[in-house]
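Enquirer: Right, I'll just put the structure down here and ask away after.
The values are calculated or read from the model by the stated rules, or taken from the named source; none is laboratory data. Being a predicted model, the structure only gives us computed values, none of them experimental. Positions of Cβ are generated from backbone atoms using ideal geometry, with glycine treated the same way; all protein chains shown enter the neighbour counts. Keep in mind that these areas ignore ligands, DNA and RNA; they rest on the heavy atoms of the full protein, side chains included. Shrake-Rupley method; radii C 1.70, N 1.55, O 1.52, S 1.80 Å.
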Amino acid sequence: MTRKHPRPEVSRRKFLAGVAVAGAATAVTPPAAQAATTASAPPRRPSALPPTMQVAAAETATPKELPRIGGIPGSDFMVDVIKTLDIKYLPSNPASSFRAIHESLINYGGNKMPEFLTCAHEESAVGMAHGYFKIAGKPLMTLCHGTVGLQHAAMAVYNAWCDRVPVIIVGGNDLDAAHRPPGVPTFHSAQDINALVRDFTKWDDTPVSLQHFAQSFVRAYKISMTPPYGPVAMSLDAGLQQEPMRNNGEKLYIPRYVPTSPPQGDSGAVKEAARLLANAQNPVIVVDRAARSENGIRLLVQLAEALQAQVIDQGGRMNFPKTHYLSRPPTAVNNADVIIGLELSDFWATVNAWIDNGEHGIGINTTRIKPETKLISINSSELLTKANYQDFQRFQSVDVSMAADAEATLPALIEAVKAAIPDDRKAAIEKRGEAARKAFAEARERTKQAAALAWDASPVSTARLVMETWAQIKDLDWSLVASEGNVSNWPNRLWPMEKYYHWLGRSGGYGVGYGAPASVGAALANRDLGRFSVSIQSDGDLMYAPGVLWTAARHKIPLLAVMHNNRGYHQEVMHVQRLSNFRNRVASLGGDMGPIGTSIENPDIEYHKLAESMGWWAKGPIKDPAQLAPAIKEAVAVVKSGQPALVNVWTQPR
Ligand SMILES: Cc1ncc(C[n+]2csc(CCOP(=O)(O)OP(=O)(O)O)c2C)c(N)n1
Ligand SMILES: [Mg+2]
C-alpha cells in the first residue's frame, strides 16, 4: 500500500555528504575566485557544519538492537485506572517525562477515553479543561512536563482554583537521580514538582508504586469532584511509568470511584436563616457561584419567588434567569434589611465599596448597606482556604455563616423559608413582587436606550458588537462560552440568558489568557452536545497563547469567536490614565506607539490572518458597523458546518 502523503525521502548519508562537500568547497575557494563571486552575489554558506566523527558514526551506523521490555508496562496499568473514570479528553503538550504513559494511552488505550488533544502550550491545555468542565460538568486531565510545562500551566491552574473548577494535572518527573537520563531530562526534573502549584490545588501526591498510583488517581478525581471543586496535581515518576509491572506478592486492583455528596448547611443555621429572610421587609439574594447545574437555577428561582426577593447575580456562573422580573443590578443591596450571599467570592465587596485613589493615594472604604442589615452566607469555599494566595478576599463579619455548598443546601432552605413565612406577611410579600416587575421593566428600557448610544460609531461600539452577534445566533441553541476583555457587560445585560450554558462565568482568578483556551474547551463540550458556541474574544487575551486556535482547527471544534479588538490592554490604559489624573499630569499618549506599554497598535495585529494561518475561517478587520452583520452571518454558517470561525472587529475601548 502506498502512503497518502509520502514524506520527502532525504537520505541521511547523502545529506551529510552534501553538507561536507559544500563545506569543503567553501573552505578551499581561493580569495580571487571569492571576490569574483561576491561581486555579483555573496558566496553561499554551508547551512550546517560538517559532522564530527562521533555524529557521523551515530547518524550512519546501524543502531544496536534495543532491548525489549519483559512483561506489561506499568503505564498500561495506569491507563486501565484512568479508563475507569470516564475522562473523555486529554489536552496536552507532549514531553519525554511522560512519554511512557503517552505511548500507553495511544497504543494500548487506543487514544479513546481519554483522547489526546494536541496543545501548543500547557496553559492552553489547562484553560481548555477549565472551559470544558463548565459545560460538561466532568473534569478533563492533562499531562505536562513536570517542571517547565507545569510552570507554563500555573496561571491557568490558579484560574481554575479561584473559579472552583476541577482539573486533573499529571506532571511527568524523573525522580531517580542515579538512573534518569543526564542533560535535558535532568534539568527538567525536580524533587517536588507539585510544590509549584500546591498553594492553589486541593490536593497532590507523588505515587511510588502502581498500587499507590491507582489509589491516588481515584482519590485525586474524588477530591477534585467534591464541592467546592478544584484542581489537583500528581507527580508521575518516569521510572514508574516505564518499568514493567512487578508481582510483589500483591495483586493490583483499581479502587471504585463513588462520588462524595456535597456538604449541606447545618439544620439549625438553615432555620435561623429562613426566619430572618421570612420576616424581612426587603430581603435580597446575592449569588456568584451558587448554581452548579441547571437544577441550581431552578432552586434559586423557587427561593426568590417564595420570598419575592430581588436577586443580584454577580455572574460567577449562570445562576438566575436574566429574563426573570426579580433579577436586579448590584445596587439593590442598598435598601436591604437582610442579605443572603450564596457562594460569593467577595462578600466584603458586595456590601462595601472601595474607591480608587482617595485623598492620600490609597483607596477609600465605604459601606453600601444600612448599618443594621443582617447578613447570611452559604459558602463552600470556606472549606478550601489556604494561606498564601489571597483569593479568600477581605474578611467580612456575617450573622449566619454556613460552610456548606449552596446548591445542596437550597432544598432545605426553601422548605424552611416556606414554613417560616407568617400568614400576615403573605400579602406584603406579594406586593413586593408587583413592585419588582415594574422596576425590572423600567430598568430594561433604560439599558436598551444606553445600548443605542453611538450605534453607528466606527470603530464599532461594544453594545453593537454584542447585539449584532446576538441577532445572528438567537434562533440557535447557543452558549456564550467566554466574554473576555470588557464589553461593558452587554451580553449579561441584554441577552435573554436563562439556561445554565448560556453563561459560564469568567476566569475566576482574572489571569488574562483564559478566554481563548476556555472557549475552545467549552466549545468542545458543546460540540458533543450539539450546541452552538460563541465567544467574545478580546485582543490582549488572545495574544497570550494564540496556539489554541490551531488546536481548535486540528480537532474540529466549532466555535464562533467575535473579536472585541480595541487594539490595547484597555483596562491598563485606564489605570495609567487614572494615576496621571491623580498626579495632575497628562497621560503620555506615546505618539505613533499609542499609550505607552498598554496599546497593541502599529503594527496592528491581523487576527483574522493569524486565525486563518491556523486553519480557521476568518474575516476582518471590520471597522464599519454596517459590515458587521453580514460578516457574522457568514461566520455562523461556517461554524454550523463544523469549523471554527473568527471575525476580527475593531471596537471602541469599552
Ligand atoms: C496574566 C495577566 N497579565 C496581566 C494582567 C493585567 N491585566 C488586566 S486586564 C488586562 C488587559 C487585557 O486586555 P484585553 O484582553 O484586550 O481586554 P481589554 O481591557 O482591552 O478589554 C491586563 C493586561 C492580568 N490580569 N493577567
Ligand atoms: Mg483589548
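Enquirer: To the nearest 10 square angstrom, how much accessible area does Asp456 have with a 1.4 angstrom probe?
Expert: About 120 Å², rounded to the nearest 10.
Enquirer: How many angstrom lie between the Cα centre of the range 465-501 and the Cα centre of the range 335-356?
Expert: Value for the Cα centre distance between the two parts: 26 Å.
Enquirer: Kindly report the accessible area of the chain per residue (heavy atoms of protein chains, probe 1.4 Å, no ligands, DNA or RNA), in Å². Walk me through the numbers before you get to the answer.
Expert: Numbers: 31210 Å² over 654 residues.
Per-residue value: 48 Å².
Enquirer: What figure in square angstrom, to the nearest 10, would you give for the accessible area of Lys322 with a 1.4 Å probe?
Expert: Answer for Lys322: close to 40 Å² accessible.
Enquirer: Using label points projected 7 Å from each Cα along Cα→Cβ, tell me how many nm separate Ala178 and Arg99, to one decimal.
Expert: 2.3
Enquirer: What angle do you read, to the nearest 10 degrees and between 0 and 90, between the alpha-carbon axis of helix 570-582 and the longest principal axis of the chain?
Expert: The answer is roughly 60 degrees.
Enquirer: To continue, here is another question. Can you compute the charge dipole magnitude of the range 185-259 about its Cα centre, using +1 on each Lys and Arg Cβ and -1 on each Asp and Glu Cβ, nothing else charged? Give it in debye, rounded to the nearest 20.
Expert: On the way: 7 positive and 7 negative charges, 70 e Å.
My answer is approximately 340 debye.
Enquirer: Moving on. Whole Å is fine, so just give me how far the alpha carbon centre of the range 174-206 lies from that of the range 253-288.
Expert: Here the answer is 39 Å between Cα centres.
Enquirer: Note down the magnitude of the dipole of the chain about its Cα centre, charges +1 on Lys and Arg C-beta and -1 on Asp and Glu C-beta and zero elsewhere, to the nearest 20 debye.
Expert: Here the size comes out at about 1160 debye.
Enquirer: On to the next question. What is the distance in Å between the Cα centroid of the range 62-103 and that of the range 543-580?
Expert: Answer, in whole Å: 35.
Enquirer: While we're on this one: Could you please put His188, His564 in sequence from largest to smallest accessible area, using a 1.4 Å probe?
Expert: Reading off the accessible areas and sorting them downward yields His188, His564.
Enquirer: Could you give the length gained on full extension between Arg198 and Gln390, defined as 0.36 nm per residue of separation minus the Cα-Cα distance, in nm?
Expert: Extra length from Arg198 to Gln390 when fully extended: 67.7 nm.
Enquirer: Cut-off under 15 Å on the C-alpha distance; same-chain residues fewer than 8 positions from Lys134 excluded. Which aspartates and glutamates are left, in chain and number order?
Expert: Asp163, Asp288, Glu294, Asp528
Enquirer: Restricting attention to the range 533-613, which GluC sites (Glu not before Pro) occupy a DSSP loop and are surrounded by at most 16 other Cβ atoms within 10 Å?
Expert: Sites meeting the loop and neighbour criteria: Glu601, Glu606.
Enquirer: Ok, one more. Can you figure out the FRET efficiency of Gln571 with Ser397, using R₀ = 41 Å and their beta-carbon distance, to the nearest 0.05?
Expert: For Gln571 and Ser397, the calculated efficiency is 0.85.
Enquirer: Ala349 versus Ala441, label points 7 Å from Cα toward the beta carbon: distance in nm?
Expert: With each label placed 7 Å out from Cα toward Cβ, I get 3.5 nm.
Enquirer: If the chain between Asp624 and Arg368 were fully stretched, how many nm would it gain, using 0.36 nm times the residue separation less the Cα-Cα distance?
Expert: Result for the pair: 88.0 nm of gain on full extension.
Enquirer: May I ask you to list the GluC sites (Glu not before Pro) in the range 61-137 that are in a DSSP loop and have at most 13 other Cβ atoms within 10 Å of their Cβ?
Expert: The qualifying sites are Glu65.
Enquirer: Assuming R0 = 56 Å, can you tell me the calculated FRET efficiency for the pair Phe187 and Ala454, based on Cβ-Cβ distance, to the nearest 0.05?
Expert: 0.55
Enquirer: For the range 39-160, which whole percent of the accessible surface, found with a 1.4 angstrom probe, sits on carbon and sulfur atoms?
Expert: Accessible surface attributable to carbon and sulfur in the range 39-160 totals 58 percent.
Enquirer: Here's another thing I want to ask about it. Hey, what angle do you get for helix 294-307 against the long axis of the chain, alpha-carbon based, 0 to 90 degrees rounded to 10?
Expert: Between helix and principal axis, roughly 20 degrees.
Enquirer: While we're looking at this one, here's another question. Cross-link partners among lysines for Lys640, C-alpha distance below 18 Å, same-chain residues fewer than 8 apart left out?
Expert: Correct list for Lys640: Lys474, Lys556, Lys619.
Enquirer: So which lysines can Lys83 reach, going by Cα to Cα under 17 Å and dropping same-chain residues fewer than 8 places off?
Expert: Output for Lys83: Lys112, Lys138, Lys222.
Enquirer: Next up: Of the chymotrypsin sites (Phe, Trp or Tyr not before Pro) in the range 444-537, which ones lie in a loop per DSSP and count no more than 15 other C-beta atoms within 10 Å?
Expert: Hits after loop and neighbour filter: Trp455, Tyr510.
Enquirer: Taking a label point 7 Å from the Cα of Asp604 along the Cα→Cβ vector, which residues of the range 554-569 have an amide N closer than 13 Å to it?
Expert: Within reach of a label on Asp604, which here means backbone N under 13 Å from a point 7 Å along Cα→Cβ, the range 554-569 contributes 565-568.
Enquirer: Keeping all protein chains in position, work out how much accessible area Phe116 exposes to a 1.4 Å probe, and write it in Å² to the nearest 10.
Expert: Surface accessible to solvent at Phe116 totals approximately 20 Å².
Enquirer: Ok, one more. If one takes the longest principal axis of the Cα atoms in the chain, at what angle in degrees, from 0 to 90 and to the nearest 10, does the Cα axis of helix 210-224 lie?
Expert: With both axes taken from Cα atoms, the answer is about 30 degrees.
Enquirer: Sticking with this structure for a sec: Could you put Ser267, Ser401 in order of accessible surface area, largest first, with the 1.4 Å probe and the full protein assembly present? Don't jump to the answer; show the numbers that get you there.
Expert: On the way: Ser267 90, Ser401 65 Å².
Most to least solvent-accessible, the answer reads Ser267, Ser401.
Enquirer: Okay, next question. Put a dot 7 Å past each Cα toward the Cβ at Asp423 and Glu65; how far apart are the dots in nm?
Expert: Inter-label distance under the simple model: 9.5 nm.
Enquirer: Here's a follow-up. Helix-only estimate, please: 222 nm mean residue ellipticity of the chain, summing -39500 (n - 2.57) across DSSP H runs of length 4 or more and dividing by its residues, to the nearest 500. Kindly include the intermediate steps, with their values, before the conclusion.
Expert: Values: 23 runs with 255 residues, N = 654.
When only DSSP H runs of four or more count, the value is -12000 deg cm²/dmol.
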